[in-house]
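Single-structure report; data block below.
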Amino acid sequence: MINFKDQIFNCKNIIIFSLDKKNFIKAFTRFITFLYKLNIFIFKIFFINKKIEEFPVESKQLNEVFIHFKTNKGSHFFSDNIKHSGHGYDAFYEKLFKENRTKNLNIMEFGIHHGDSLAALSSYFPNANIVGVDKNPFSTNYKSKKIRTLHCDVSSEKNLESLSNYLNKDYDYIIDDASHNPIHQKLTLFSMFQNLKSGGIFVIEELNFFQSENNKDDSNQNFLRNLLIDVSKKSETILKSKYNDKIMNFIDDVQDVEINKGVLTHKGVNAVSYTHLTLPTKA
């Protein structure tokens, strides 16, 4: 639904992004485009977008919910009545989500696309408040009082900082399914990790997508992947020998790292690593 405070923030964040790139013409152009897209979005909300509640899912299995809303996170999905293989993340997510399904949760997902994943999460978690984040926050085809959509370009650290300050610090789950660029994933993780509540979980999808797309192992591009692999080994000696104090302070807040692989392959490489991090639960 329309939250005018959020739309003011969206406008502000679009300007912050453009000024961060030192392009004043683009700032003006993006602002005009934002106003145009906002008006289209308002029209869609009232006359076109579907209420998620009008598409009930009989099954309580997360995979069935993913399939129902045609998101590619599950075992398969349908597009134009053609069956396609999905990422197979449902098993990992089911393990994370099942015990908390009926709780009052705060969930954030980066990467809206058509809103299929947001709709699936909203349906699966009946009592959750959900925030979708994208550089085009108006692209969703669904509407719900439980869902807000916000602008953020994950290539901009200042945009992410602005988003982090705007939102509260009590998110149960934050999911990064945005650009899949490892530089952007790193910026998003280090900027938004503080918005998790104690015991919260941060998920990064397609962790090694860049390597499969470019068929190379660039140390800068793959810094985050290598860091998470090192953290998962739980060797303090290795970590201290490779990372500075700032990174070590971040690592101290991470209770665990689990790296799982999805079922899809791309150009011969398993391109869909799935990673989640958890903050330690305070006593």
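Quick notes
- Condition check for Ser79 on (1) among the small types (Gly, Ala, Ser); (2) surrounded by 13 or more Cβ atoms within 10 Å (Cβ to Cβ); (3) more than 21 Å from the chain's Cα centre (by Cα): one failure, at (2).
- Residue in the range 104-116 that is crowded, with 16+ Cβ neighbours inside 10 Å and part of a helix (DSSP H, G or I) present: yes
- Qualifying position, being over 16 Å from His151 (Cα atoms) and either touching a Gly at 6+ places or on another chain (Cβ under 9 Å) or touching a residue at least 12 places away in the same chain (Cβ under 8 Å) (or both), among Ile40, Ile16, Ile25, Ile45: Ile45
- Of all residues assigned to the range 57-66, none qualifies as being within 23 Å of Phe138 (Cα to Cα) and small (Gly, Ala, Ser).
- Evaluation of Phe31 against (1) out of contact with any strand residue (DSSP E or B) (no Cβ under 8 Å at 6 or more places or on another chain); (2) within 27 Å of Ile107 (Cβ to Cβ) (one fails), failing number: (2)
Readers should treat all values here as calculations from the given coordinates under stated rules, not as data from a laboratory. These numbers were taken from a predicted model, which means no experiment stands behind them. Note that we place each Cβ from the backbone using ideal geometry, even for glycine, and neighbour counts take in every protein chain shown.
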